Amino acid sequence: MARSLAALGPALLAVTALLAIAAVTALACTNEVREPCGGACGPGTECVADRCQAIAETPPPPPEKPGKRKQKRKRRGTRTGGDAAPGDATPDAADDVDGPPEAPPPPFVPIDDSKIPQFSNAEAQTLDLKAGSERLSEAELDRHFAQVTPQIQRCVTTASAYAEIPAGSLKFKLRVLPSGKVESVTLSAPASLRVWGIPSCARRAVFDHRFPDFDGPAMAVSFGVDIQ
């Protein structure tokens, strides 16, 4: 009996080894990677805690606000041949600032200048034999030209609300009476500046200005305003 068991020893060892290999193979087969939720989740879903749930959609970005319009830049004038007068154009750093759309301008109504006499060198003058020979000085005239220039600028600013006003020059000739009142005034300007009531408005501004009185004959004077 002992001899029989001894003879079977190698065979038993071989069987034991085969069983061990089979057990390891079976264990390796059971360690396969499992698909989440057993592959039951369809398109648009995901496996969370062994349960299929719908994938949350990312909300679209909010629409952008419509852009703002830039305010139209308006032209202003400066008096020719002198320092900047009160009310002359200032640096245009703030002219291009974004802002809300401008409201439409009111209906255009031109200024009536039909009763303002046009200046002429040929018009008759009444001489006062008792009058002196005093005249307004160049400095006094320049000071008053600077005072009336802002009124002329407003004429151009008003016109720029209806159309783009190009650069140019407004040239005036006027006769000043000894009382300081303007007797007549004429305006020379390019066709591009003879629009939207600029000539009639500018003539009215000069005609309404009052110069200092002086003891002497009427004076014919001239000056200009540049529109930039």
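Checking Ala220 against (1) hydrophobic (A, V, I, L, M, F, W, C); (2) surrounded by fewer than 19 Cβ atoms within 10 Å (Cβ to Cβ); (3) not in a strand (DSSP E or B), which single condition isn't satisfied?
(3)
Could you grab the pairs with beta carbons closer than 6 Å, sequence gap of 6+ or different chains, first residue in the range 134-150 and on the phi < 0 side of the Ramachandran plot, second one among the acidic types (Asp, Glu) and in a loop (DSSP other than H, G, I, E, B)?
Glu134/Asp215
Which residues, taken from the range 196-217, are part of a loop (DSSP other than H, G, I, E, B) and under 17 Å from Gln151 (Cα atoms)? Working first, answer last.
Filtering the range 196-217 for residues part of a loop (DSSP other than H, G, I, E, B) gives 196-197, 209, 211-217.
Listed by number, the residues that qualify are Trp196, Gly197, His209, Phe211.
Scan Arg210, Arg175, Arg203 and give me the residue that is exposed (fewer than 14 other Cβ atoms within 10 Å of the Cβ) and modelled with pLDDT of 95 or more.
Result: Arg210 is the single residue among Arg210, Arg175, Arg203 that is exposed (fewer than 14 other Cβ atoms within 10 Å of the Cβ) and modelled with pLDDT of 95 or more.
The values are calculated or read from the model by the stated rules, or taken from the named source; none is laboratory data. Note that this is a predicted model, so its numbers are computed, not measured. Glycine gets a Cβ as well: all are built from the backbone with ideal geometry, and neighbour counts include every protein chain shown.
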